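Heads up, the thing below is written out as structure tokens.
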Amino acid sequence: MVPSEKQIFAQSVEALFVRALGPYLTRDGRQKLKAAGLNLSEPLRPHYSLDQWRLFLDVAARDVFPGQPLEAAYLELGARYLKGFQQTSVGRASMQLVTHLGPRKTLERVPYNLRAGNNFNEVRVEELSGEDATLWVKDVLADNPFFACGFLAETLRASGAGSPEVKPIAFDGTAATYRLTWSQAKSQRPAGTLAPVRRLYG
């Protein structure tokens, strides 16, 4: 049954806006988030609509990364999202597993991991060979495809991939196809650690 409303679960909102961005949001940014439906001074709701989530991202991109091109800001937001997710109870267990799986097996799990944060999305690994892959995402959860670039690249990096790059090769405003490449997997990091965020675009 298709859900009547596309919902983003509280754990996703917690990961990005509480865990990852909490210390960096300005007072004005928090007020704008509140006006858009996210009051960070109160307990989170069980879920938020996709339209609200997109507004939250827009506010955060402009507030935390002022003056940056939106593509670069959204890329950073995607990377920060994964780092924040790692700090949640669900994310800690998931990321500990990722650090031991390696890039290929981690990509095979992405469809399940991404769907855990909402009630509607789908991901399909269309090609996976050697050290590159093609991934289709039904909804990129943003107004551009670069938010997903950020968290996909950080997911690869967390799995031990060297020099991961994620580029959108098709985008229709909602769904996108990505080309992912990386170098030979590095030695695994201790469970629960991520490399520092670095910008791939901009």
Original post:
For the pair Arg115 and Ile169, how long in nm is the line joining their label points, each one 7 Å along Cα→Cβ?
Top reply: 2.4 nm
Original post:
Among the aspartates and glutamates, which have Cα under 17 Å from the Cα of Lys34 when same-chain residues fewer than 8 positions away are ignored?
Top reply: Glu14, Glu42, Asp51, Asp58, Asp63
**OP:** Quick one: among Ala61, Ala93, Ala176, which has the greatest mean-square fluctuation in a GNM of the chain with alpha-carbon springs under 10 angstrom?
**Re:** Ala93
Original post:
Which residue fluctuates the most in the chain, going by a Gaussian network model with Cα springs under 10 Å, if the choices are Asp28, Asp58, Asp132?
Top reply: Asp28
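Checking the a/c ratio against 1.5 first, then a/b against b/c, what shape does the Cα gyration tensor give for the stretch 78-131? Numbers along the way, then the final one.
Details: a/c = 2.02, a/b = 1.26, b/c = 1.61.
Since a/c reaches 1.5 but b/c is at least a/b, the shape of the stretch 78-131 is classed as oblate.
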Original post:
GNM, the chain, Cα, under 10 Å: largest mean-square fluctuation among Val140, Val125, Val13?
Top reply: Val125
Subject >> Span from the the stretch 68-99 Cα centroid across to the the stretch 1-39 one, whole angstrom >> reply: 14 Å
**OP:** When a/c is below 1.5 the answer is rounded, else prolate if a/b is larger than b/c, else oblate, so apply that to the stretch 135-177 with a ≥ b ≥ c taken from the square roots of the Cα gyration tensor eigenvalues.
**Re:** prolate
Subject >> Distance cut-off 21 Å, percentage of C-alpha pairs in the stretch 36-129 lying past it >> reply: 45 percent
**OP:** Sort all Cα-Cα distances of the chain into consecutive 5 angstrom bins from zero, then give the percent of pairs in each bin up to the one containing the longest distance.
**Re:** 1, 8, 16, 21, 21, 17, 10, 4, 1, 0
Original post:
What does the accessible area per residue of the chain come to in Å², with a 1.4 Å probe and no ligands, DNA or RNA counted?
Top reply: 47 Å²
Original post:
Mind checking the angle between helix 50-64 and the chain's longest principal axis? C-alpha axes, 0 to 90 degrees, to the nearest 10.
Top reply: 90 degrees
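Could you calculate the contour length gain from Val125 to Leu40, that is, 0.36 nm times the residue separation minus the distance between their Cα atoms, to one decimal place in nm?
Numbers: separation 85, 0.36 × 85 = 30.60 nm, distance 3.52 nm.
Value of the extension gain: 27.1 nm.
Multiply the residue separation of Arg92 and Glu108 by 0.36 nm, subtract the distance between their alpha-carbon atoms, and state the gained length in nm to one decimal. Don't skip to the end; give the middle numbers.
Numbers: separation 16, 0.36 × 16 = 5.76 nm, distance 1.87 nm.
3.9 nm is the gain from fully extending Arg92 to Glu108.
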Original post:
Carbon and sulfur together cover what percent of the accessible area of the chain at a 1.4 Å probe radius?
Top reply: 51 percent
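Classify the stretch 90-178 from the C-alpha gyration tensor, please: rounded if a/c falls under 1.5, else prolate or oblate depending on whether a/b exceeds b/c. Kindly include the intermediate steps, with their values, before the conclusion.
Working: a/c = 1.76, a/b = 1.27, b/c = 1.38.
Cα axes put the stretch 90-178 in the oblate bin.
The values are calculated or read from the model by the stated rules, or taken from the named source; none is laboratory data. Computed from a predicted model, the values in this text were never measured in an experiment. Because the Cβ atoms are built from the backbone with ideal geometry, glycine has one as well, and the counts that use them run over all protein chains shown. In case anyone asks, the SASA skips ligands and DNA or RNA and just uses the protein heavy atoms, side chains included. Shrake-Rupley method; radii C 1.70, N 1.55, O 1.52, S 1.80 Å.
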